[in-house]
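The values are calculated or read from the model by the stated rules, or taken from the named source; none is laboratory data. This structure is a prediction, so every number in the text was calculated from the model and none was measured. Cβ sites come from the backbone with ideal geometry, for glycine too, and all protein chains shown count toward neighbours.
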Number of protein chains: 2
Amino acid sequence: MTQDDRRRFLKSGAAVSLAVLSASGTRIASAADAVPPAAPAKSEGATRTLAEYVVNARYEDLPANVRKEGTRTLLNYVGVAVGGSHSETIDRAVAALGPFSGPPQAGLFGRRERFDIMNAAFVNGVSSHIFDFDDTHLKTIIHPGGVVIAAVMALAEYKPVSGKDFLNALVLGIETACRIGNAVYPNHYDVGWHITGTAGVFGAAAATGKLLGLTSQQMVWALGLAASQPVGLRESFGSMNKSFNPGRAAANGIFAALLAQQNYTSSEGMIEAKRGWANTISTKQDYREITEGLGTRYEALLNTYKPFACGIVIHPAIDAAIQLRNENKLTADQIERVDLRVHPLVIELTGKKTPQIGLEGKFSVYHSVAVALIDGAAGEKQYSDKAVRDPQTIALRDKVVATIDPAVKAEQVDMTITLKDGRKLHRFITHAIGSVEVPMSDAQLEAKFADLADGILPKEQARTLMGLCWKVEQLSSADQIAKAAVARA
Amino acid sequence: MTQDDRRRFLKSGAAVSLAVLSASGTRIASAADAVPPAAPAKSEGATRTLAEYVVNARYEDLPANVRKEGTRTLLNYVGVAVGGSHSETIDRAVAALGPFSGPPQAGLFGRRERFDIMNAAFVNGVSSHIFDFDDTHLKTIIHPGGVVIAAVMALAEYKPVSGKDFLNALVLGIETACRIGNAVYPNHYDVGWHITGTAGVFGAAAATGKLLGLTSQQMVWALGLAASQPVGLRESFGSMNKSFNPGRAAANGIFAALLAQQNYTSSEGMIEAKRGWANTISTKQDYREITEGLGTRYEALLNTYKPFACGIVIHPAIDAAIQLRNENKLTADQIERVDLRVHPLVIELTGKKTPQIGLEGKFSVYHSVAVALIDGAAGEKQYSDKAVRDPQTIALRDKVVATIDPAVKAEQVDMTITLKDGRKLHRFITHAIGSVEVPMSDAQLEAKFADLADGILPKEQARTLMGLCWKVEQLSSADQIAKAAVARA
C-alpha cells in the first residue's frame with residue numbers, strides 16, 4: 001500500500017484518528033527559498049494563467065462527460081446539504097449568525113431561514129460536510145462540492161444566472177480548487193491543513209468571480225484575496241470545526257470575489273510567488289498541476305461520491321454484504337456466520353466490536369456489515385445511536401468474524417457468508433462501489449439523496465429537487481434549485 | 001545588527017521590499033513531528049491555560065501602567081482608523097460589502113455608513129492599516145490594535161459594555177495575539193505569513209469572547225475556530241491586500257467568538273496540539289511564551305506607536321531633523337547643507353534621491369529629512385504626491401547628503417546641519433522617538449491623531465474623540481467612542 005493509498009483509506013467518517021499518519025507528516029527542508037527564482041513573465045505565472053482560463057472558459061467548451069459529472073456533483077451536494085441541515089451543528093450556527101446576517105438573499109437548504117449570500121454559503125457549506133458523506137476528489141481528499149457549490153448557489157439566488165453558466169462556474173470552481181490542491185498535495189495535507197478549506201477557498205472565489213463577470217486582472221486579485229484566507233486544520237477533526245471549514249471557505253471565496261469586483265487589489269502572483277501561498281503553506285509546489293492541460297483535462301471527472309456514511313476502508317465489506325443480500329434476498333435469521341478476509345487497516349481503524357453510540361458504529365466493520373445485511377444500506381440512519389443498540393443488529397454483528405490477510409488490498413475484501421441451511425455465499429470485491437473504477441450509478445445517487453432528504457423535505461419535493469438538479473443545463477435560472485431545496489413555510 | 005533588529009528595521013511603510021529578508025526565510029526541518037508528545041493534561045495545554053486566563057482576568061487586576069498603555073493604544077488606533085477611512089481602499093471595500101451587510105449595528109470610523117459588527121470590524125480594521133502608521137509590537141512586528149480594537153469596538157456598539165470592561169478586553173486581546181505571536185516568531189513570519197492577521201485573529205476572538213462572557217470551554221472553542229482562520233501572506237504587501245489582513249482577522253475573530261457562544265465546538269488544544277496551529281503554521285513553537293507570567297507580564301507594555309508615516313529605518317534622521325529645527329527655529333532658507341552618517345540599511349532601503357510620487361517619498365531619506373525640516377513633521381501629508389513635487393522641498397532635499405557609516409547602528413543617526421551663516425548644528429540620536437526606549441509622549445500622540453483626523457472630522461469633534469479615548473475607564477458605555485468617531489450626517 002502506498003502512502004497515497006494509505007491517506008485515502010484513512011480518510012473516513014466523522015473522526016478517524018489520524019495519528020497513524022504521523023510518519024508521513026514530517027516537514028522536510030523547505031523549498032520556500034530553494035524554489036527556482038524563475039520569475040516568470042507576468043502572463044506566465046500560475047495565478048495569471050489560471051485566472052485567464054477561468055475568465056475565458058465557456059460552457060460550450062465543456063465536454064459532455066464533464067457536464068454530466070458536474071451535474072452528478074451538484075445532485076450529491078444538494079442531497080448532503082439538505083441532509084445535514086437539521087443537525088445540532090447547523091442549529092447552533094444559525095442561532096449565532098442570525099442577528100448579524102444581511103438581507104435575506106439566499107435560502108438555507110432544508111430550512112426556512114434566509115441569510116445574505118455569504119452567511120448562507122457558510123451554513124450551506126457546513127451542512128454538506130456534517131455527515132462526511134460529501135463528494136471526494138480522491139487525488140487530494142478535497143471535498144470540492146461543498147465549498148464551490150455552496151458559494152455559487154448562494155450567489156445565483158442574488159444574481160440570476162442560467163443553468164448553463166451555473167454549471168460552467170461550478171466545474172471551473174472544482175477545477176481551480178483541485179488543481180491548486182494537486183500542486184501542494186500531499187505535503188500540505190500531511191503537515192496539518194484541512195485541504196478542503198485551504199485549496200477550496202480558491203474554487204469558491206473563482207466560481208463566484210466567474211458569475212460576477214470579473215476581468216482577468218480582477219480574477220487575479222480574487223485569487224490573491226482567497227490565498228490570504230485559507231481555512232482549517234486537521235486537528236479540528238472530530239468536532240464541529242471540521243464542517244466549519246468548507247463553509248467558511250465558501251464564504252471567504254465570495255468575499256474575495258466581491259472585493260475584487262470593486263478593484264480591491266492584491267498582488268499579482270499570490271499562488272506561486274516566492275512568498276506566496278504555495279511556498280508559505282506547503283513544502284511541495286508543482287505549478288504544472290495548475291497550468292497544464294487547462295480545458296483538456298478535467299479534475300471534475302475524478303470526483304467521487306460516497307455510497308456509505310463511514311470511512312472508505314469499510315466500503316468493500318459493506319458493498320459485498322449488500323450485493324450478497326440483494327442477490328440472494330437474504331434475511332438476518334438465515335445467517336449462521338460471516339467471514340471476512342481484510343487488509344490490516346480495516347481492523348486497525350474499524351475494529352470496534354461493541355460500539356455504544358452511532359459515531360462509534362462508523363468505526364466498526366462488524367456493525368457496518370450487520371446493518372448492510374439487514375437494511376441493504378449504510379447511510380446516516382444505520383449509524384444512529386438507535387441503530388447500534390438494536391438487538392437484531394447486535395446479534396448479527398456478533399456473527400461477523402474478520403481476519404487479517406496481507407494479500408488482500410485495502411480497496412478489496414473477501415467475504416463468505418455461511419447460512420443456517422449450510423449454503424456458503426462468496427464475494428470478492430476488487431473495487432468497492434463509489435470508487436473511480438466503480439462509480440455510483442445515477443440511480444444510486446438518487447437513492448442516497450432520497451434517504452438524506454427523508455424527514456426533512458416531503459418526498460415529492462425531494463423528487464422535484466432531484467429533477468431540477470439533473471436538468472440544470474436547461475434551467476433558465478439556476479436559483480430554481482435553491483428555491484426547491486428549502487423547507488416550505 | 002541581529003536578525004531580529006534587521007526584521008524590525010525592515011518593517012516599514014506601505015511597500016518596503018522584503019526581498020532582502022530571503023536569507024533568513026529558509027524553513028528548516030520541521031518540529032511538527034519532533035515535538036515532544038508531552039500530551040499535557042487538558043488543563044495544562046496552552047489553549048486551555050490561555051482561555052482560562054482570559055475568562056477570569058478582571059479589570060481590577062490590571063496594573064496602572066498597563067491600563068495607561070492600553071489607553072494610548074486605543075487613542076492611536078482611533079486616529080489611524082479615522083485617518084485611513086476615506087482612502088480608495090476603504091471606498092472600494094464599502095462599495096463591495098454594502099449590499100450584503102447585516103443590520104446597521106456599528107459605525108465605520110470617519111464615515112456615515114453603518115454595517116453589521118463583522119463587516120464594520122473588517123472595514124475599521126482595514127482603515128487602521130492603510131498608512132502603515134498603526135501600533136507595532138516590536139518583538140513580533142504584530143500590529144495588534146487594528147485587529148483587536150476594530151473587533152471589540154464594533155461589538156461594543158451592539159452589546160453595551162463599560163469603559164473598564166472594554167479596556168480590559170482590549171488588553172487581553174493584545175495579550176493573546178502577541179503571546180501567540182511570540183510563540184512562533186520569527187520562523188512563522190519568515191516563511192511568509194503576515195503575522196498581524198495570523199496571530200491577530202486570536203486576539204480578536206479572545207477580546208470579543210471576553211465581552212460576550214464566554215465560559216472557559218467556549219473560549220477554548222473560540223480560540224480553536226480562530227486557529228482555523230489565519231489571514232494574510234507577506235506576498236500581498238504593496239497592495240490593498242495588506243490592509244485587508246487585520247480587517248479580516250478582526251471579523252474572523254468575532255465570527256469565532258459568536259459561534260463558540262452558541263456552543264459550536266472545536267478541538268481542545270488547537271494552538272498546541274500535534275496537528276494544531278503552531279505546528280502547522282510554524283517551525284518554531286515556544287508555548288511558555290503563551291502560558292508563563294500571565295497576569296504579571298504584559299505584552300501591551302511593549303506596544304509602540306509610529307510618529308512618522310514611513311519605515312522605521314528613517315525615523316532617527318527625521319527625529320534629529322525635527323529636534324534641531326524646533327530648538328533653533330530653523331527655516332529652510334537658512335540651510336546650506338545637511339550631512340547624515342547612517343547605517344547601511346538606510347541607503348539600501350530608503351536611498352531614493354528623486355521620488356516622483358508620495359509613496360516613493362517614504363523610501364527617500366532625503367525627502368523625509370527635507371519635510372521634517374520644513375514642516376516639523378513626517379505624517380501622511382508629508383508623503384502626498386503634492387509634497388514630493390513641492391519646489392521648496394525638492395530644493396532642500398538636494399542639499400541632504402547621506403554617508404554610510406558602519407559604526408552607526410540602525411536605530412541611530414548622526415546629523416550635522418550647516419547653516420548659511422556658517423553655524424553647524426549637530427545631533428546624535430541613540431533611539432528615535434517612537435521606540436520602546438523613547439516612547440511618544442501623550443501630547444505627540446494627540447498631535448498625530450489631530451493630523452490624521454484633519455479634513456475628515458471637524459477639529460472640535462476630533463478633540464472630543466481624543467478626550468473620550470483618554471477617559472475610556474470612566475465611560476459608562478464604551479460605544480461613546482465609536483459614536484464620536486463617525487462622520488456626522
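Some points to look at:
- Residue match in the stretch B:280-291 (condition: touching a Phe, Trp or Tyr at 6+ places or on another chain (Cβ under 7 Å), over 30 Å from residue A:235 (Cβ atoms) and in contact (Cβ under 8 Å) with a residue 40 or more places away in the chain): no
- Residue A:210, sole failed condition from (1) farther than 24 Å from residue B:278 by Cβ; (2) assigned to a loop (DSSP other than H, G, I, E, B); (3) touching a residue at least 12 places away in the same chain (Cβ under 8 Å): (2)
- Residue ID - nearest to the chain's Cα centre (by Cα), chosen from residues in the stretch A:397-423 that are of a type in the set (A, V, I, L, M) and under 15 Å from residue A:350 (Cα atoms): A:410
- Residue satisfying condition, being within 17 Å of residue A:356 (Cα to Cα) and of a type outside the set (Gly, Ala, Ser), within set A:412, A:382: A:382
- Residues (closer than 14 Å to residue B:401 by Cβ, buried (at least 17 other Cβ atoms within 10 Å of the Cβ) and not basic (Lys, Arg)) located in the stretch B:321-356: B:321, B:335, B:338, B:340, B:342, B:346
- Selection status of residue B:428, among the aromatic types (Phe, Trp, Tyr) and surrounded by fewer than 19 Cβ atoms within 10 Å (Cβ to Cβ): yes
- For the stretch A:213-229, a residue qualifies if it is within 7 Å of another protein chain (Cβ to nearest Cβ) and either closer than 26 Å to residue A:131 by Cβ or aromatic (Phe, Trp, Tyr) (or both), and exactly one does: A:229.
- Set B:296, B:283: member being away from chain A (no Cβ under 12 Å), surrounded by fewer than 24 Cβ atoms within 10 Å (Cβ to Cβ) and outside any helix (DSSP H, G or I): B:296
- Residue within the stretch B:372-392 that is farther than 27 Å from residue B:134 by Cα, surrounded by fewer than 20 Cβ atoms within 10 Å (Cβ to Cβ) and not assigned by TED's automatic domain parsing to the domain that holds residue B:299 present: yes
- Verdict on residue B:262 being under 16 Å from residue B:147 (Cα atoms) and either surrounded by fewer than 24 Cβ atoms within 10 Å (Cβ to Cβ) or within 7 Å of chain A (Cβ to nearest Cβ) (or both): no
- Which listed residue, of B:403, B:418, B:430, is more than 30 Å from residue B:456 (Cα to Cα) and without any contact (Cβ under 8 Å) to a residue 24 or more places away in the chain: B:430
- Unmet criterion (only one of (1) modelled with pLDDT of 95 or more; (2) part of a helix (DSSP H, G or I); (3) under 30 Å from residue B:173 (Cβ atoms)) for residue B:323: (3)
- Boolean, residue A:169 is closer than 22 Å to residue A:103 by Cβ and modelled with pLDDT of 95 or more: no
- Test for residue B:137: is it away from chain A (no Cβ under 14 Å), over 17 Å from residue B:448 (Cβ atoms) and buried (at least 24 other Cβ atoms within 10 Å of the Cβ): yes
- Which numbered condition residue B:155 fails, given (1) away from chain A (no Cβ under 13 Å); (2) surrounded by 24 or more Cβ atoms within 10 Å (Cβ to Cβ): (1)
- Unique match (being at pLDDT below 95, closer than 24 Å to residue A:138 by Cβ and among the β-branched types (Val, Ile, Thr)) among A:436, A:413, A:408: A:436
- Among residues of the stretch B:265-280, those that are part of a helix (DSSP H, G or I), within 7 Å of chain A (Cβ to nearest Cβ) and in contact with a helix residue (DSSP H, G or I) (Cβ under 6 Å, 6 or more places away or on another chain), counted: 2
- Hey, residue B:194 under 11 Å from the mean Cα position of the chain (by Cα) and either free of Cβ contacts under 8 Å to residues at least 40 places away in the same chain or farther than 19 Å from residue B:270 by Cβ (or both) or not: no
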